[in-house]
Every structure is written in structure tokens, then in C-alpha cells.
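Trainee: Please find one structure pasted underneath; my questions will follow.
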Amino acid sequence: MILWMLLLPFLAGLVGLFLPGLARGLGLVATLASGLIALAALFTPGVAFYVERPLFEPAGVYFAAGLDGASAALALTTSLAVFLALLAVKEVPGRMLALGLLMTAGLLGIFASLDLVLFYFFYEATLIPSLLLLGVYGGANRVRALLKFALFTLAGSLLMLAAILAARYAGGAESFLLRDLLAARVEGPVAVLAFLAFTLAFMVKTPLFPLHVWLPDFHAENHPSGFADVMGTLYKVGVYGFFRFAIPLFPAAFAAVQPYLLLFAAVTALGAAWIAYAQKDYKRLLAYGALSHMGVAALGLFSGTAIGAVGAIFLLAASALYTGGLFLFAGWLYARFGTLELAPTHGLAKHAPALAAFGLFLFLAMVGLPGLAGFPGEFLSALGAWQASPFFTLVAFAAVIAAAAYALTAYQRLFHGPPGKAVADLSGGEWVYATLATLAVAFLGVCPKLLSGPIHEAARAFVAAIGGGK
Amino acid sequence: MTALVVLFLTGALAALGGLWASPRAVKQGVRLGLLLALGLLLFAPSSSAFLGLFVLDPLARAIGFVAVLAALFASLVGCRYLEKTGIRAFEYHALLAFSAMGALAMAATPNLAVILVGLELLSLPLYALAALRYDEKSEEAALKYFLLGAVAAALYFYGLVLYFGATGSFAVGAVGEGPLFAAGMILLLAGLFFKAAMIPFGWWAPDVYQGAPTPVTLYMAAGVKAAAFAALLRVVVGAGYGGVWVAVLAPAVLLTVVYGNLAALAQSEAKRLLAYSSIAHAGYLALALFGPEPAPALGYYLLAYALSTGLAFAVLAQLDEGEGVAFGAVQGLIRRSPMLAGMLLIALLSLAGMPPLVGFWGKYLVFVEAARAGQYALLVIALLTAAVAAYYYLRLAAFAFFLPPEREGVLEVRPLASFTMGLVAFFILALGFFPQAVYGFFAGP
């Protein structure tokens, strides 16, 4: 099962590279199948569909993959987000979609891996299609954005490789299987250094201040349709990396640096939201807004509590839907106005009421309006974080005010002001996407239990691994 | 043993046959000979010949395989370049076969004196190969290579004499001590560092790689390095695991990875860039020498490197009009030939050590050896420089993919060259997903 979940998008992507015309159709089928497999895993207690086969046995590397609650939730929303994005975009090159499918396979691999080297394999492999998406289909300054992105990511992940090797050889574990590594944890100064290496890598990919600087350029330069941005949003797997590997493997080191991690997370949450408020371009606004959310998620996770971890993973999973949706929304605006700037979209509701309403709906989900998908994650993160540090929680959740500010600005822009250019409202394909996305976001908002229940099971294991009882 | 004879006969027949047979026949004959040798190496049982001076153990088999593979690759993808630049085909192919024989001899002996013979047998055809283009650049490269190669051989020879004086034996791993032995070992290592293009003895590589005909550079990078590392491995391992030679090796590795990668950053000529990258890769390879089981890691890395750098040079050989490959010539390759651009990307990503390509597993294995030896400081520096390396590989790929072409016209690639390159690209990918498939060949039974 798990193999099919990874193989189908991969094969669809591979075929799509050579036969671009088929990319969308195959991709829809493949991501639907992956999503269904993830959904089945969500309802299976424990680690679903666990597979363990030697990948490179003499080197202690196994193809060990399975989906526990947290992985299944993330795999589900990832598949769903890509499925919807494939529906939403039109008139984009088929090869671009194919690269997105290859990325999807890599992302699902990241979430399913239970072997550290296998995780690294997927983590790095996903980078290649993501670089190509940016480099081949990006804007005028793409090469600069690309090198910045690549350099940050690679510098982080290569250090992580050293830490991965240390995690096994300094502790004497028999293989790179997560359970073997957990049975023979590394202690002492090596553990601290290794944890810091993991931290750097995952801070780049969360991303957290001050290692986030690649992010705004990355989004601003990506293809205006927003498809590549959806993939980029999904690729922000740093929080998951902390949750699955870094913190459980080095709990003592985590406890030692926890206050600093909380600080970085809080600064990210607050700072990014304020910066978002000052942006004049949809994609940059969204980039910073999403960054602020990642700060909140990281804060929840770094609290070391089960409730905070549930919030973090929930936020990560749910934001795939509404942040991705907002990037596609920006793509639709670009198709109509020929620019991503906020200014010309005033009074959009006059000519395109449905489009404007959909945008507003997603903005409200993003700022955590209760009843929509953004709320449960943020709330649970806050609950967890409060137990660890009320001060940082207050700092971080000052961001909610800033978020309200940018969301209201967007509301004002879209619904008030003199009507600008007369543009078309939602077209057929866009209606399909908007309806499905709205349903998904609202459903997760009113029925968070679907995801939070299984995630909670995984979060309990996480807390047990770091020795807490909270 | 049989493989060695096959390679010798191939070279000799090609050299003699070139006088009366058509160059085409010689070319095909050499390819068949190399292919036969490759098959023999793949299936040959471990054996020993010439009173134990030629030992075909797993290491020798693997390294010999890589070297012959490199020669075959250079022979299969070089034709267009040879015609463009007016290089006579039969000399090129015959010399390749001879050089591959030297590489096998060098890899398959536990005797330091025979290593020297292999080294010369490997190098002499290469000096001629480097000069084959008959222009100033090519001759300069050949002369430089020859003179510095002679110095390397002299150093090695001097070391050999001292080693013999200290131990009374030419065998690797002979017991010795005192300043005489130390001086001998250091000189032996210096000589081999030369051939392996390790700093502080790798300065020649950029000029020679750039000046030599591109298919020849392919063989130099992929084949010669393999043979040099086989000898290096025998000498270092013979001296004992974790011995004092770590003290000599560690600074050399450090200098090599840092210098190779940083200098590569400043290049604007693709062959020269790959030359500096080959210096850097020598540093990564040497990391394996610290570990308790270096042979499989080294062999695997060399195979991965030969495939990747071979493919990169093969692409450049299709672009090269005889005056080298400035970045401008690579620019916009995707428009001129999507296939070549795709191949170049695969090769460069594999060189950068990115999964899911075979280069990742090569890097992974040598890093594991370094980790097992507890060399974390070196490991971290090597990994940081690997990020630098990724930057310049991606930059070259960016030229090929994201910038408009400088020259017009679609690039025609010959069917055989396309097929060969496609096959190599396939293996780079397939081994990335199934790394275990060929590991047994390197680890031995």
C-alpha cells in the first residue's frame, strides 16, 4: 500500500515529463489514490501499512515506511492539496505539473519514512523538482532566488547528514531505523551538536527566523499560476522533522535549548505577521503570512506537550489547504490583472463577487477564524505553548492582531473602493476548485477530530519519547 | 589475468592494425576488446598470477572494472570530437586500451614496484593522448602532464627505494619503523597524491583537464583517479588502520576539499570547473581511507563518480568544437538539445551528491567510513564544502537550462553516443533507487 502511495504520483510525474499532455489526468488519478490510502491509514490505529525492506543493507539503510496518525494526516492533506491544485490551474505547461507530481511523491516519502537515511533521501530528492519548478518556470530574478533557496537548504541538510551519521555511529545503533536509533540514543556533547545540526536544517525548512530569508524571493519568483507555490508550501516540512526525528532522538539536547527555540518561534510568528502587513504584493504577503503560521506551529511543538504537538501538526496539515488555496487565488488574480500587486484589485467584489468572497474566506481561515481549518491548530498550539512559556505565547499571539490587520486590509482591498478593471468572475474549473476547497476548509474547521484524533495518538508517542507526561 | 591479456592484445593489435586496417575496424576492435575485458572482470573469480605479483581480489576487480569502463565510455562518445578536431582515430583508441591495461595492472598488485610499472603504463599513453589535438593548448597540457607526472614518478620511486631500505621488501604492508621508513612512506604517498590529484600535489589537474581533448579528459577523470586510489588504498591500509598516516592524510583531505571546491566557484569554463571538482572529489574519496572497511566504499564511490563525471564530460564532448567549453557554449543547451541538457543535469546532480542519484550513495558510503573512524570534524568540513559544490554545479546547470542560447542551431548527437549516454544516465538513476544492486561486486564474497 505504502509503496503504491509513493509510486503512483512518481510514475504519473515520470510519464508526465515525457508526455506533458497526460500529466494532469494521471496526476489527478494518482493523487486521489494516494489520498485514499492516506485516509485509510488515518482510520487505522498505530502505524498503518508498515513496510520494512532492505534498501542498502550493508550500510544499514532500510526502506522502512508507514503512516501513523500524524503522517497520515499530513499525507492526506498533501495529496488533497495537490489534487485540488491540479484542478485549479489551467493553461500551465504539463511538465510543470509533472514536476509537481514528482515533488508530491517525495513529500509523501518524507512523511512516511521511518528510517533516518530514507528520510534524508526523500528530503533531498524533493529539492530537485522544486528547484526545476522555480528555475524553469519562474520569474525574471529566478536564478538568484533559486541559488539562495538551494544554498540555504543544502547547507542545512548536508550538516544534517553529518548529524544523521553521528546519530547512529556515536550511539552504536544497529541501523538507521528509527526504532533502533531510539533504542540506542546518543548522549552528551555529540548529541547537542547533532541536535543543533538538525535544528539548522529544519529551521531552514520550517522556516524560522533568521533562516527564512529565502522564502519571500522563492514565492515571489515562482510561476504566477501559484501551482509551484502550493508545492513550495507543502515542502515546509521542518516542523514535521522536529516532531518525528530531531526532538525524539535528542530529548536532552532539546530540553537544553528549548528556551531559544521558543524565542525563535515567537519572533517568527510575530515578526512575519507584521511584515506581511506591509507587503504590497499578494505573493509576498502570503509568504510572510504563512511564515507567521509556521512560527505558531513551531511554538506549539517546542512546548514539548502533547496538546502543542497536536496543534502544530494540525496547523501544518490544514495550512496546506488554505495557504495553497490563497496562492492559487493570487494566481487567478494574476491571470486577470497581469500583476500580483494589491493595489489594482480594489473593488474586485463588484465585478467578481464569487472570486472576492472565496479569497476572503481563505484569508479568514488563515487568520484562524473559529469554525475554519486554521483555528484548531492555532488554538491547540497556543494551549500547549502556554504550559511551556506564557510569555512567548503572549508575544507570538500578538501576531493574531497583525494577522487581523493584513486580513482586513485584504478584505478592504477586495470589497471596498471604487471598482477597478472589469474582470471575469470564477470560471467553470475555478468553481470546482473553490467549492471543494471551501468544503474542505470548513469541514476541518467544524470537525477537527478527523485529524486531531489520530494526530493525538502520534503526539502521545512523541511526548513519551521525550520523557514528558504532560 | 585473462582481462589483462585481453587488454594488452587489444592495444597491441590496434596499434599494429592501425598501419594497414581501416581506422573504423580498429575502433570497433578496441571497443570489442574493452567490452570483453569488462565482461571478464565482472565474472572472473579471485585469482593470482605471476608469483603473486598480480592479484585479482575484489578491490582490483572493481577498480579495474571502473577504469576499463571509463576507457570504453571515452571510446564510445568521442567520435564526433575526434572528427571535429582532426584527431586520428586509431591512435586514440589504441592508446586508450593500453592505458586501461596500465590501470588494471596498477590496481591489481600488492607490490609497490609493480604499482610503479602500472603507473607508467597508465601514464605514458595518456601523455600522448593529451597531445593528440596537435595545437598549442593540447601540447601545453601534455607537456605539463608529462613533466609533473615524471616528478610524481620520481618521488614515488625515491620513496620506494627508502621503503625498501627500511623494510627489505617491496610488498605493501611490510613492517618498518624509524625516519627512513617514514620518509619512504611520505614520498610514496606524495607520488600517489599526484596521480589522484590531491592537494598539495594536484595543481596540474585544471590546466591538463582543460587543455587535453575532451574525451581524453573524460578518461583521465574517471579512469586514472580510480587506479590511483586503488594504489593509495593498498599503501595506506597496508600501513595499518588508524595508524600514524591519519596525521598525514587528514590535512591533505582538508586542503583538497576546501581548495577544490572554493577554486571551482571562480571558474567560467566547464572543463576547468569539472577539473577542480575532480580535485574536490579526490578529497571525498580519501575520506574513506580513514575507515575500517574502506575498499567497498571507495570502489562504489569511484563507480558513481566515473558514471557521473563521465557523463558530464561526454556531454561537453558533444558541445566542444576544439577550443574548450566556456559557459557561454553551455548556455541555453535545453533549446539546442533537450536530451543533452537532461543528461548534463543528471550528471551534475549526481556529482553534487543529491538523491535519488547514485552520487548520493557514493558520498554516503565514504562519509559513513569517516564517521565510523570518528572523524567528525573532517566530515562536517567536507559536508559544508559539498554545499559549496552544489552551488557551482547548479550554477552550470542554470546556464544550460535558464539562459538563452548563445549559438544557434540544433545539436546533432550520434546515435551510438546518445545510446551510451542514455545507458549511463539510466544507471545513475537506477542505482540511486537500488543502491544495493551492485554493492556485492565491491564488497566481495
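The values are calculated or read from the model by the stated rules, or taken from the named source; none is laboratory data. All of these numbers come straight from a predicted model, not from anything done at the bench. We place every Cβ from the backbone using ideal geometry, glycine too, and count neighbours over all the protein chains shown.
Trainee: Scan A:L97, A:L134 and give me the residue that is at pLDDT below 90 and buried (at least 24 other Cβ atoms within 10 Å of the Cβ).
Mentor: A:L134
Trainee: Could you tell me which numbered condition A:M5 fails, if it satisfies all but one of (1) within 30 Å of B:Y439 (Cβ to Cβ); (2) surrounded by fewer than 24 Cβ atoms within 10 Å (Cβ to Cβ)?
Mentor: All conditions are met except number (2).
Trainee: Moving to a separate point now. Restricting to region B:375-410, give me the number of residues that are hydrophobic (A, V, I, L, M, F, W, C), farther than 25 Å from A:V143 by Cα and surrounded by fewer than 21 Cβ atoms within 10 Å (Cβ to Cβ).
Mentor: The total comes to 3.
Trainee: Here's another thing I want to ask about it. Tally time: how many residues in region A:228-268 are under 14 Å from the mean Cα position of the chain (by Cα) and farther than 30 Å from A:D180 by Cβ?
Mentor: 6
Trainee: Taking the condition of being facing chain A (nearest Cβ under 8 Å), assigned to a helix (DSSP H, G or I) and either surrounded by fewer than 23 Cβ atoms within 10 Å (Cβ to Cβ) or out of contact with any Asp or Glu (no Cβ under 8 Å at 6 or more places or on another chain) (or both), how many residues in region B:346-369 meet it?
Mentor: Within region B:346-369, residues that are facing chain A (nearest Cβ under 8 Å), assigned to a helix (DSSP H, G or I) and either surrounded by fewer than 23 Cβ atoms within 10 Å (Cβ to Cβ) or out of contact with any Asp or Glu (no Cβ under 8 Å at 6 or more places or on another chain) (or both) number 6.
Trainee: Also, quick follow-up: If B:R372 passes every condition in (1) surrounded by 19 or more Cβ atoms within 10 Å (Cβ to Cβ); (2) within 11 Å of another protein chain (Cβ to nearest Cβ); (3) in contact (Cβ under 8 Å) with a residue 12 or more places away in the chain but one, which one does it miss?
Mentor: Every condition holds for B:R372 apart from (1).
Trainee: Continuing with the same structure: Restricting to region A:151-172, give me the number of residues that are farther than 23 Å from A:L215 by Cβ and without any contact (Cβ under 8 Å) to a residue 12 or more places away in the chain.
Mentor: 2
Trainee: Here is a follow-up. Could you tell me whether any residue of region A:324-337 is under 16 Å from A:T435 (Cβ atoms) and surrounded by fewer than 23 Cβ atoms within 10 Å (Cβ to Cβ)?
Mentor: The answer is no, given that none of the residues of region A:324-337 is under 16 Å from A:T435 (Cβ atoms) and surrounded by fewer than 23 Cβ atoms within 10 Å (Cβ to Cβ).
Trainee: Against the definition (hydrophobic (A, V, I, L, M, F, W, C) and farther than 21 Å from A:G368 by Cα), how does A:L291 come out, yes or no?
Mentor: no
Trainee: Which condition does A:V423 not pass, out of (1) in a loop (DSSP other than H, G, I, E, B); (2) at pLDDT 85 or above; (3) among the β-branched types (V, I, T), if it passes all the others?
Mentor: Status for A:V423: all satisfied but (2).
Trainee: Take A:A48 and decide whether it is farther than 30 Å from B:A437 by Cα and away from every other protein chain (no Cβ under 14 Å).
Mentor: No.
Trainee: Tell me, please, whether a residue that is more than 19 Å from A:A309 (Cβ to Cβ), surrounded by fewer than 22 Cβ atoms within 10 Å (Cβ to Cβ) and free of Cβ contacts under 8 Å to residues at least 60 places away in the same chain can be found in region A:214-227.
Mentor: no
Trainee: Looking only at region A:1-42, which residues are among the aromatic types (F, W, Y) and over 18 Å from A:F122 (Cα atoms)?
Mentor: Answer for region A:1-42, where residues must be among the aromatic types (F, W, Y) and over 18 Å from A:F122 (Cα atoms): just A:F18.
Trainee: Any residue in region B:383-406 that is within 8 Å of chain A (Cβ to nearest Cβ) and free of Cβ contacts under 8 Å to residues at least 24 places away in the same chain sitting within a Cβ distance under 8 Å of a residue that is surrounded by fewer than 19 Cβ atoms within 10 Å (Cβ to Cβ) and of a type in the set (V, I, T)? List the pairs, counting only those 6 or more apart or interchain.
Mentor: Once the first residue is within 8 Å of chain A (Cβ to nearest Cβ) and free of Cβ contacts under 8 Å to residues at least 24 places away in the same chain and sits in region B:383-406, its partners that are surrounded by fewer than 19 Cβ atoms within 10 Å (Cβ to Cβ) and of a type in the set (V, I, T) give B:F402/A:V136.
Trainee: I'd like to check something: does region A:390-409 contain any residue that is farther than 16 Å from A:T323 by Cα, among the β-branched types (V, I, T) and not in a helix (DSSP H, G or I)?
Mentor: Checking region A:390-409: not a single residue is farther than 16 Å from A:T323 by Cα, among the β-branched types (V, I, T) and not in a helix (DSSP H, G or I).
Trainee: Also, quick follow-up: Looking at the structure I just gave you, is A:L97 among the aliphatic types (A, V, I, L, M), touching a residue at least 24 places away in the same chain (Cβ under 8 Å), closer than 23 Å to A:Y62 by Cβ and away from every other protein chain (no Cβ under 11 Å)?
Mentor: For A:L97, the condition - among the aliphatic types (A, V, I, L, M), touching a residue at least 24 places away in the same chain (Cβ under 8 Å), closer than 23 Å to A:Y62 by Cβ and away from every other protein chain (no Cβ under 11 Å) - is not met.
Trainee: What about A:A140, is it hydrophobic (A, V, I, L, M, F, W, C), within 12 Å of chain B (Cβ to nearest Cβ) and not in a helix (DSSP H, G or I)?
Mentor: yes
Trainee: Cβ-Cβ under 8 Å, sequence separation 6+ or interchain: first residue in region A:53-76 and facing chain B (nearest Cβ under 10 Å) and surrounded by fewer than 21 Cβ atoms within 10 Å (Cβ to Cβ), partner assigned to a loop (DSSP other than H, G, I, E, B) and of a type outside the set (F, W, Y). Which pairs?
Mentor: A:G60/A:E174; A:G60/A:S175
Trainee: For region B:98-139, name all the residues that are assigned to a loop (DSSP other than H, G, I, E, B) and in contact with a Pro (Cβ under 6 Å, 6 or more places away or on another chain).
Mentor: B:L132, B:R133 - these are the residues of region B:98-139 that are assigned to a loop (DSSP other than H, G, I, E, B) and in contact with a Pro (Cβ under 6 Å, 6 or more places away or on another chain).
Trainee: Identify all residues within region B:254-275 that are in contact with a strand residue (DSSP E or B) (Cβ under 8 Å, 6 or more places away or on another chain) and part of a helix (DSSP H, G or I); write none if there are none.
Mentor: Passing the criteria: only B:A270.
Trainee: While we're on this one: For the structure I just gave you, tell me whether A:R179 is basic (K, R), under 22 Å from A:G60 (Cα atoms) and either within 14 Å of chain B (Cβ to nearest Cβ) or crowded, with 21+ Cβ neighbours inside 10 Å (or both).
Mentor: no
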